[in-house]
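Notes follow the structure.
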Amino acid sequence: MTRFVIVAGESSGDLLGSKIIASIQDLCPDATFEGIAGPKMTQVGCKQWFNSSELSVMGLFGVLKHLPRILKVRKELTQKILKNPPDVFIGIDAPDFNLKLEKKLKRRGIKTIHVVSPSFWAWRKNRVRFLNQSADLLLCLFPFEEDLLKEHNVNAVFIGHPLADSIKNEIDIKAARNSLELKARIVITLMPGSRSSEINRHAQLFFEAAALLTKKLEDVEFVVPVVDPKIGEQLKKILAMYLTDLKVTITDNIHSALSASDLVITKSGTSTLEAALYKKPMVVVYKMSSLSYWFLKTFSIVHTEHIALPNILLGKKIVPELIQENASSKAILAESLFWLSNHQKVIELQQKFDFLHSQLQQNASFLAASTIVKMLQQKK
């Protein structure tokens with residue numbers, strides 16, 4: 001029997017963790033799993049010590065606010081692991097939480113695997129020099145990361161991105177629109193965020209841009225996909241408070257929302273990669289607190305030229321980025337109208353996204369599992 005302790009933060013980590021667990025079970029049926037897990041990981045047999053939501057915080061000052069609770073969880077988790085050491089520890093994302101824990105466990109002789117490289121190429125670049133002190137193996141989602149990590153003596157393997165595996169190359173737009181009962185000629189998907197703080201910063205701005213687009217375009221509808229019912233209620237309150245005449249559908253079906261759209265207006269983050277994999281033109285928007293933005297700019301913490309993942313992965317600005325004071329409803333309107341009126345530019349963009357999709361489509365969960373099992377066999 002091979003015993004794993006696994007820690008995943010947030011819903012994306014929970015999803016990736018569940019797929020890796022299922023793939024390891026296929027290759028190693030006697031494997032057991034326990035740790036910090038969400039609902040998807042528990043469904044495939046991971047015993048939950050703490051819920052993944054414990055690690056769901058964002059932003060410099062969001063982390064500081066919840067730091068005492070997070071440190072308490074990590075202390076209890078460390079004691080639990082060291083009392084009964086597993087064969088392997090797997091940390092999925094949540095680098096500030098997992099890497100320090102992995103470093104301590106590795107020093108105690110426990111094999112450590114980290115899944116999803118921290119974005120050292122974007123900010124806090126000095127972290128890369130210390131990753132090999134934490135992880136015996138680092139499984140990364142983007143192709144350029146493997147070479148960068150190996151330059152710093154990190155045992156890294158590119159596994160592809162799970163989103164690329166789960167999204168089909170061909171999208172049935174008509175079926176998606178029928179499933180959501182969308183009748184308009186133009187459908188625009190709005191993705192203001194998945195956290196309450198992101199909704200507070202982006203939702204009103206997105207709805208104001210939607211109102212401007214409604215005045216400019218004939219026959220347009222908007223779709224807002226949400227995974228958390230609480231976020232859905234928050235969005236409905238904002239919509240009712242400011243703008244009541246928009247045609248807006250709020251749905252929990254992200255696949256249908258993105259499939260149905262002609263254009264995506266999204267905050268930066270993984271949603272930009274999702275939109276690219278669905279081959280959709282997009283306008284990327286991001287606003288943070290003035291204090292956080294000042295802090296990042298003043299201390300030159302960010303080292304990447306772009307914030308949207310498609311721009312970062314393809315090495316050039318192919319989709320517009322509207323950041324902080326440049327993120328206005330009028331700017332969103334202008335960029336949106338550009339995509340909606342330039343069919344040839346959209347075709348060229350989709351060709352780039354096709355290349356990106358094929359590059360990231362590597363059967364990530366199976367490749368992760370087989371690499372982990374191979375490492376264990378070498379250990380024995």
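Things worth noting here:
- Scanning segment 24-44 for residues that are open to solvent by less than 60 Å² (accessible area, probe 1.4 Å), in contact (Cβ under 8 Å) with a residue 24 or more places away in the chain and part of a helix (DSSP H, G or I) returns I24, M41.
- Residue count, segment 146-200 (criterion: open to solvent by 60 Å² or more (accessible area, probe 1.4 Å) and under 30 Å from D219 (Cβ atoms)): 12
- So R177, is it within 23 Å of L349 (Cα to Cα) and part of a helix (DSSP H, G or I): yes
- Subset of segment 201-218 that is free of Cβ contacts under 8 Å to residues at least 60 places away in the same chain and open to solvent by 30 Å² or more (accessible area, probe 1.4 Å) - its residue that is nearest to the chain's Cα centre (by Cα): Q204
- Residue check, V116 at pLDDT 90 or above, within 18 Å of the chain's Cα centre (by Cα) and open to solvent by 10 Å² or more (accessible area, probe 1.4 Å): yes
- Exactly one residue out of Q362, Q378 is surrounded by fewer than 13 Cβ atoms within 10 Å (Cβ to Cβ) and within 23 Å of I113 (Cα to Cα): that is Q378.
- The combined condition, being assigned to a strand (DSSP E or B), of a type in the set (D, E, K, R) and modelled with pLDDT of 90 or more, is fulfilled by K47.
- Test: F97 is touching a residue at least 60 places away in the same chain (Cβ under 8 Å) and part of a helix (DSSP H, G or I): yes
The values are calculated or read from the model by the stated rules, or taken from the named source; none is laboratory data. In this text, all values refer to a predicted model and were calculated from it rather than measured experimentally. All Cβ positions, even for glycine, are placed from backbone atoms using ideal geometry, and neighbour counts span all protein chains on display. Surface areas here come from the heavy atoms of the whole protein model, side chains and all, with no ligands, DNA or RNA. Shrake-Rupley method; radii C 1.70, N 1.55, O 1.52, S 1.80 Å.
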